[in-house]
Amino acid sequence: MFIYKWPADKENDTGVVSEHSMCDVEGPGISSYRLNPPAAGTSLEHCLNQALRDVPREKHTGTPLYLGATAGMRLLK
């Protein structure tokens, strides 16, 4: 998981994005949870809790969250 931040001000009409923090998800790849999908969510809890600490509380509701996955996810129905 990666958390990025950017100031409201732009530099040369372009937003400046920087990596704020990162977290390695524990356990196997998400596609390994095909027989137990709720366990996929559980495997993300550690990093999601870090995100709750890293992102200011007043920004929680307006901060987008994206889940990306590798090609192994296409094997799931």
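Coordinate-derived values only; no laboratory data. None of these values were measured; they are calculated from a predicted model. Cβ: placed from backbone, ideal geometry, glycine included. Neighbour counts: every protein chain shown.
A few notes on this one:
- Failed criterion for Ala8 (all others in (1) free of Cβ contacts under 8 Å to residues at least 12 places away in the same chain; (2) part of a loop (DSSP other than H, G, I, E, B); (3) closer than 14 Å to Ala69 by Cα hold): (3)
- Extreme residue, farthest from the chain's Cα centre (by Cα), among residues of the stretch 27-75 that are surrounded by fewer than 11 Cβ atoms within 10 Å (Cβ to Cβ), in a loop (DSSP other than H, G, I, E, B) and of a type in the set (A, V, I, L, M, F, W, C): Leu35
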